[in-house]
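Input: a single structure, listed below in C-alpha cells.
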Amino acid sequence: CIRLVDALYHEDHTFYVHFDTKMDPAAFSYEWRIMSYGRKANMRKLSLHDLKWGSWGMLAPWFSVAQLLTKKETRSWDYFINLSGDSYPVLKPEPLRRRLVENGLHLNYMTCSAGIAGLRPVGWSQFDATWHKRKAFPFPIVDGDERFSHLEAYYGSQWMVVTRSFVTFLLDEMARKDSFTERLAHWFEHGSLEIDTGRRKMRVKPHIPDEIFFPTVLMNSASLNGSSGAPSTVPDYRLPQMRDMWYIRMDEHYPWSNFNQRYDSPADASLRAWGPYYLGSYDLGSIKRSGALFVRKVSGRVDENLMRLLPVENHSAIPDLSWPALLPPLEPRSFDSASARERHPEQDGDESPPAPAPGPSIPGIKVLEKGTAGHVNSQGCVAVAESIHCPPKHNVEPELTQKYDLPIGVGFGG
C-alpha cells in the first residue's frame, strides 16, 4: 500500500486508507507514518471494519469513505477510485487524470479485463445458462415486488472508478426505504437463496456482493429513473486507447484457458485456483495492449520489476514483454559453409552447421504451469470448489463480440 500511495500521490488527490481491524495496530501505524509523512493535508486513515471475503462486509469501507466524501466541507472531487492494497497504477497521476477527462468525466467503470463485456458490467442473461455466476443468482433478483420484476443482476467489481453523481445517487437510494437499492442491500446482508452447484442443492447466503451490488445498481439506474436501455454514464464496450480499466488475470485453471504460465503467490498468501493471479514484468505486454489504467494483484515479493517500470507517462513507454511460452521461437542462425572454410581453412569437408541458438525458456523466477481443475464428465466440465463448471457459450451478441473483440467463450466471469 505504501508504494501504491507513492505512485498515485498528487497534491490535488485525497487519500482515505482503510486498515482492516484484524491488522496489528503497530504494523498499520508504522505503514501510515511512512505513507503520510509530509502529506497529512490530503490523507486520512480509518480502521473500522473486519473484512471477510465474499460477505457484505467487504463493501463497508467504501460506504464509510463515501459518506465522508459527500459531506459539504469535503474538498472538490470528480472521481472516487476504490483500490485494493495490491493494486497499482499504469499511468502517472497527471496522464491518468488526462485520460479520464478524455474519456468523459460522466463515465463510471466497474469491470476488469476478465469480463466478457469489456468496459460494461455483464448482465445475468449474458452468461451461459449453465455458468455458475448465472446459477448463483435468481431472476428477478428482488423477488416478490412487481416494481422490480424486470431488473436483473450485473457483474463487475468493487474495485472501480465512479463519479460523484453516482456516489450521491447510490447513497440517496440506500437511505430511501424500500427502494430497489435498499432492498438489494438488505437481501445481500440478511437474505438467502437455494442454488444447485451441479453436485448438490444447498441454501446459502447471497455471496460475492462486491462483484454484483454496485454494477447492478449502476446498470439499472436508468430504469429506476424511468428510462430504458443502459444508462449514459456507462462506457461503451471498448474506448479508444482503452480496452480495460483494470488488467487482471484469473480463471486460468480451466482446460479451455489460453494461458499456461503465471507467477507463484508469495509464500504467506493462499492461492485460489481461479485467481486473480499475481502479475509481474512478463505481463507488461498484455498490460500495454489493454490500455488499462490500473492492474492487480502486484507484490514486491512476486516481481519487484513491475513496480520499477510502472507507472509511466504513456502506454507506449511500457516494454512489450511476454511470457516465454507465448513468444515465437527464434529463427535458426544462417550458416554459409563456404565462407566458414575461408575463415577457418584448416577445417575442410562437409562440416555440420552449428546448433541454432536456444529458444526462449522460463527464467529463474518462480512461476506456475497451468493447473487444470479435474474433469468430471465427457463434456469437458470440471470440478471447482463445490461447483461444476462447464465450457461456457455466453450470450453476447455475435456482432458485438466481433466489433469489440470481446473474450466470450473463454470462461471468464464478470
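The values are calculated or read from the model by the stated rules, or taken from the named source; none is laboratory data. The structure presented is a predicted model; accordingly, all values stated were derived computationally and were not measured. All Cβ positions, even for glycine, are placed from backbone atoms using ideal geometry, and neighbour counts span all protein chains on display. Ligands, DNA and RNA are stripped out before the accessible areas are found, and what is left, the full protein with its side chains, is counted by its heavy atoms. Shrake-Rupley method; radii C 1.70, N 1.55, O 1.52, S 1.80 Å.
Accessible area per residue for region 107-172 is 30 Å², calculated with a 1.4 Å probe on protein heavy atoms, without ligands, DNA or RNA. Packing around the peptides 23-30, 299-306, 216-223, 316-323, taken as the average count of other Cβ atoms within 10 Å per residue, puts them in this order, highest first: 216-223, 299-306, 316-323, 23-30. Label reach from Ala383 (point 7 Å along Cα→C-beta): in region 182-207, amide nitrogens under 17 Å belong to 197-201. Since only Leu100, Ser55, Val65 are under comparison, the one whose Cα sits farthest along the positive direction of the charge dipole of region 53-101, derived from C-beta charges on Lys, Arg, Asp and Glu, is Leu100. Spacing of the modelled spin labels on Phe139 and Gln402, each 7 Å from Cα toward Cβ, amounts to 2.5 nm. With each label modelled as a point 7 angstrom along the Cα→C-beta vector, the Val204-Asp172 pair spans 3.6 nm. Expressed as a whole percent, the accessible area of region 89-141 that falls on carbon and sulfur atoms is 57 (1.4 Å probe).
Where nothing but the Cβ of Lys and Arg (+1) and of Asp and Glu (-1) is charged, how large is the charge dipole of region 134-177 around its Cα centre, in debye to the nearest 20? My answer is approximately 140 debye.
Tell me the relative contact order for region 140-249 as a rounded percent, counting alpha carbon contacts under 8 Å between residues six or more apart. Kindly include the intermediate steps, with their values, before the conclusion.
Values: 100 pairs, mean separation 26.1, N = 110.
Taking the mean separation of contacting Cα pairs over the length of region 140-249, I get 24 percent.
Across all Cα atoms of region 1-52, the radius of gyration (one decimal) and Dmax (whole number) stand at 11.2, 33 Å.
The H on the amide N of Lys45, modeled in the peptide plane, is under 5 Å from the matching H of Val17, each at least 5 residues off or on a different chain. Note down the net charge around Pro95, summing +1 for each Lys or Arg and -1 for each Asp or Glu among other residues with Cβ under 12 Å from its Cβ. Around Pro95, the surrounding residues sum to +1. In region 1-56, Cα pairs under 8 Å separated by at least six residues give a relative contact order of 49 percent.
A straight chain from Leu105 to Lys45 at 0.36 nm per residue would run longer than the Cα-Cα distance by 18.9 nm. In this simple spin-label model, placing a label point 7 Å from the Cα along the Cα-to-Cβ direction at both Trp77 and Tyr37 gives a separation of 2.5 nm. Here the relative contact order of region 84-208, from alpha carbon pairs under 8 Å that lie six or more residues apart, stands at 21 percent. Taking θ as phi - 60° and the Karplus parameters 6.51, -1.76 and 1.60, the scalar couplings of region 298-312 work out to 10, 7, x, 7, 9, 7, 4, 5, 4, 7, 7, 8, 10, x, 10 Hz in sequence order, x denoting glycine and proline.
Could you give the C-alpha radius of gyration of region 142-192 expressed as a fraction of 2.2 N^0.38 Å, taking N as the number of residues it contains?
On the way: Rg = 12.1 Å, N = 51, 2.2 N^0.38 = 9.8 Å.
Here the answer is 1.23, to two decimals.
Ordered by solvent-accessible area of protein heavy atoms (1.4 Å probe), largest first, the residues His13, His389 come out as His13, His389.
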